[in-house]
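Colleague: Submitted below is the structure of interest, expressed as structure tokens.
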Amino acid sequence: MLFQSAASAVFALALPAILLMYLLRRRYPETEIASHLLWRRALREQEANRPWQRLRRTLLLLLQLIAAACLVFALMRPHVMGQASSAAPVVIVVDRSASMTAAASRGSGEADALGEALQAVAAAAEELQSSRPVTLIAAGGEPELILQDETDRRKIRRALEAIGPHYGRTDEEAALTLADALVRNKEGAELWLATDGRIRAGGATVEASAIRLFAAGRDGANTSIAAFGLQAGAESHAAAVTLIHYGARPAEGTLALVPAGGKAPAAERTFRLEPGEQRVFAFEGLPAADYYRAELRTADDYTADNAAFAFPAAASASRVLLVGERSLFLTAALELAGVDIVQADPDRFEPDDESAAGIDWIVLYGADERKLDSAAWRSLLASRPVWRIWTASSPPRGGTATEPADNRVDIRPHPVTAHITLADTHIAWIVQADPGPGMEPVAVYGGVPVLYAGTADGRPQLVLAFDPADSDLPLRPDFPILAAQAAEWLGGAAGGHLGRAEAGSRIEIGIRSGTVRAVWETLETAPVRTASASDAVEAERNADGAVSAVQTVPGVPGLYRFVEYDADDRVLGARLLAVHAAEAEGMWTDEPLSGTGLPGTGGETGDAASGTPDGAEEAASGQSDAWIDLVPYIAVLLLLLLAAEWEVYRRGAAF
């Protein structure tokens, strides 16, 4: 017998409480007398109130004790093993997180833990009764319902064989929650969970008649490349690589740095790491290359984090068109950030194709946009990232200048507001106006937004709602930091690389003006299990058919290039992106199944969770059995006891 809530046994304390109430209750002896006038009332009251009298046999007490015991028993959620119905559904949840690409159990004959688990599940599904429907769920960023109520065993096997790993963040709890919705209140329903035990689903609860664990993988070790940075020098590159070792035994191997297009490493370093040790390896004098690949050459059970890619920052500086008032402070701050500035007077300057071609982004400093209403200006402003700086002397249409009530500051997370506090900054006037659709306040001063950020047609937009000249901000360290971060965010589409991102995540990309098509090109992939895919994948498009500014990162760790083309299919630019597996998947524990509680089993995994190769076989045996919930039967018994108790009380047989 299995109790899904053994802790509810604490409610059994109600049984001695019932007995105590019977011991302490008042009892008046029923005695026939000739006259009550001669009976001494005081003695009778004393006898009635005397506690701790010997319990008398009463049918009502017996029925109440049995009813209380049944309630406690029901709260403990008892189940007994019985024969599964021929129509009882089976829901299979496959953990396909990156850690499932680790080495399989010794002797399993499979290349990785995922293949081992899928093979065991497929063998168990073949032995099911042909009438039992099977539902297949693959855990990923979102749970994927692959099959539902399928009885064709060949389709089930083909679907299992087609499941590949998911290298991004995996939400196992969502997959188990979906499984719970499919098995809840279905008699004899079973949940099969195929995993290596490194799951994070502590909040999930599955109400199934039986839960079976197909354990795969081994208690191995993992040495991970936690960080890799590359800095370009005048004649050579420098690099720094951080390694972390997870495991119970020391790890030894070689760290190699391979330049783009090369096969032989440009530098190597041997290492020996103790369990839990983290160490940084520095390299100097590396030959110049577009990018470098750092790789571990060691006996490692998990290879998804054994390679990483790094590239130097793009050398080209962005060029900004500064329209409106001339500001020495802003000009100095932008030049300090490495930005080329082109000053323009809207009364004398009209952009054309030649002048617009060299502009990466625009600053409108107090400029009256009603004067920028020509077709050339509208086209230029619609095709570039724009930073608008509102001034009290020339507010935007519908805007008004107000004095802040106090100097309280609320800074919200954003790339432009990082490292900025505005502490002790005095602002005299703040312009309040509609910043436009898609703009959100990222800095608030005195209860009034002073900095907005957002996108328009996929292009970054920024609004500073006060004139820096109406404040002491230009005299504080925050101002050059603000200008530099704004230039980096707005000018990111000018040629800077895309950096580093997790597989399958969503990132925002500044799309170049004139881009009509973009593709992801695969340059290299890390030494992981990969599905067959073409080398170039078309970039996503928005509802208007244009290349979307929000793209899904390729799903396999490696190095990718985002290439943009114009209408004549000429390359406008190419930017690199290093893709890595979810970092949590490589943070291994010594015993992957320790502390892993199966939903609905009170945290007990049973013998099948042993982590040995035969764990899955043991879980697959006896597939015709199922746990039968006894709560409905206890409920019927309680109703009968209540009826009997009422009948006893009605007949006066309670005492």
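The values are calculated or read from the model by the stated rules, or taken from the named source; none is laboratory data. Nothing here was measured: the structure is a model prediction, and the numbers come from that model. So basically every Cβ, Gly included, is an ideal-geometry build from the backbone, and we count neighbours across all protein chains shown.
Colleague: Given the conditions (1) at pLDDT 90 or above; (2) not in a loop (DSSP other than H, G, I, E, B), report the number of the one that Gly555 does not fulfil.
Modeller: The single condition Gly555 does not satisfy is (2).
Colleague: Would you be able to say whether some residue in region 156-166 is modelled with pLDDT of 90 or more, within 16 Å of the chain's Cα centre (by Cα) and not hydrophobic (A, V, I, L, M, F, W, C)?
Modeller: yes
Colleague: Test Gly109 against the criterion of being free of Cβ contacts under 8 Å to residues at least 24 places away in the same chain, within 30 Å of Ala221 (Cα to Cα) and in a loop (DSSP other than H, G, I, E, B), and give yes or no.
Modeller: So Gly109 fits the description; yes.
Colleague: Could you please give the count of residues in region 400-419 that are surrounded by 14 or more Cβ atoms within 10 Å (Cβ to Cβ) and either free of Cβ contacts under 8 Å to residues at least 12 places away in the same chain or of a type in the set (Asp, Glu) (or both)?
Modeller: 1
Colleague: Now for a different question. Take residues that are among the small types (Gly, Ala, Ser) and tell me which of the strands (runs of 3 or more DSSP E) falling wholly in region 275-332 contain 2 or more. Give the steps one after another, and end with the answer.
Modeller: Numbers: elements: 278-286, 292-297, 307-310, 319-324.
Passing ranges, in order: 278-286, 307-310.
Colleague: Among the candidates Ile481, Ile509, which residue alone is modelled with pLDDT of 90 or more and within 32 Å of the chain's Cα centre (by Cα)? Walk me through how you get there before you give the answer.
Modeller: On the way: Ile509 fails: modelled with pLDDT of 90 or more.
Exactly one residue qualifies, and that residue is Ile481.
Colleague: May I ask you to verify whether Thr101 is hydroxyl-bearing (Ser, Thr, Tyr), out of contact with any Gly (no Cβ under 6 Å at 6 or more places or on another chain) and without any contact (Cβ under 8 Å) to a residue 24 or more places away in the chain?
Modeller: no
Colleague: Kindly indicate the residue of region 212-242 that is touching a Pro at 6+ places or on another chain (Cβ under 7 Å) and part of a strand (DSSP E or B) and also nearest to Val94 (Cα to Cα) among those meeting that condition.
Modeller: Leu230
Colleague: Say whether the condition of being crowded, with 16+ Cβ neighbours inside 10 Å, closer than 23 Å to Asn222 by Cα, modelled with pLDDT under 85 and assigned by TED's automatic domain parsing to the domain that holds Lys186 is met by at least one residue in region 129-145.
Modeller: Within region 129-145 (the criterion being crowded, with 16+ Cβ neighbours inside 10 Å, closer than 23 Å to Asn222 by Cα, modelled with pLDDT under 85 and assigned by TED's automatic domain parsing to the domain that holds Lys186), the answer is no, since none of the residues qualifies.
Colleague: Please go through region 333-356 and pick out each residue that is in a helix (DSSP H, G or I), under 42 Å from the mean Cα position of the chain (by Cα) and of a type outside the set (Gly, Ala, Ser).
Modeller: Of everything in region 333-356, those that are in a helix (DSSP H, G or I), under 42 Å from the mean Cα position of the chain (by Cα) and of a type outside the set (Gly, Ala, Ser) turn out to be Leu334, Glu335, Leu336.
Colleague: List the residue pairs whose Cβ atoms are under 9 Å apart, where the first residue sits in region 344-356 and is charged (D, E, K, R), the second is surrounded by 14 or more Cβ atoms within 10 Å (Cβ to Cβ), and the two are 6 or more positions apart or on different chains.
Modeller: Every condition considered, the pairs that remain are Asp345/Val323; Asp345/Gly324; Glu350/Ala376; Glu350/Trp377; Asp352/Ala376; Asp353/Ala376.
Colleague: Here's a check for you: in region 98-126, which residue that is hydroxyl-bearing (Ser, Thr, Tyr) and in contact with a Lys or Arg (Cβ under 7 Å, 6 or more places away or on another chain) is modelled with the lowest pLDDT?
Modeller: Ser105
Colleague: Here is a further query. Does region 173-182 include one or more residues that are acidic (Asp, Glu) and free of Cβ contacts under 8 Å to residues at least 40 places away in the same chain?
Modeller: yes
Colleague: Looking only at residues in region 357-384 that are touching a residue at least 60 places away in the same chain (Cβ under 8 Å) and either touching a Pro at 6+ places or on another chain (Cβ under 7 Å) or not in a loop (DSSP other than H, G, I, E, B) (or both), which one is surrounded by the fewest Cβ atoms within 10 Å (Cβ to Cβ)?
Modeller: That would be Ala382.
Colleague: Is there a residue in region 511-527 that is more than 30 Å from Glu583 (Cα to Cα) and in contact with a Gly (Cβ under 8 Å, 6 or more places away or on another chain)?
Modeller: yes
Colleague: Scan the strands (runs of 3 or more DSSP E) fully inside region 385-461 and keep the ones with 1 or more residues being in contact with a Lys or Arg (Cβ under 6 Å, 6 or more places away or on another chain) and within 30 Å of Gly514 (Cβ to Cβ).
Modeller: Counting at least 1 such residues, we get 439-445.
Colleague: Where the second residue is assigned to a helix (DSSP H, G or I) and the first is under 14 Å from Leu178 (Cβ atoms) and lies in region 142-162, which pairs have Cβ atoms under 6 Å and are six or more apart or on separate chains?
Modeller: Between residues of region 142-162 that are under 14 Å from Leu178 (Cβ atoms) and residues that are assigned to a helix (DSSP H, G or I), the close pairs are Pro143/Ala174; Pro143/Ala175; Pro143/Leu178; Ile146/Ala159; Leu147/Ala159.
Colleague: Checking the conditions here, which among Leu321, Leu273, Leu296 is out of contact with any Asp or Glu (no Cβ under 7 Å at 6 or more places or on another chain), closer than 16 Å to Glu524 by Cα and among the hydrophobic types (A, V, I, L, M, F, W, C)?
Modeller: Exactly one residue qualifies, and that residue is Leu296.
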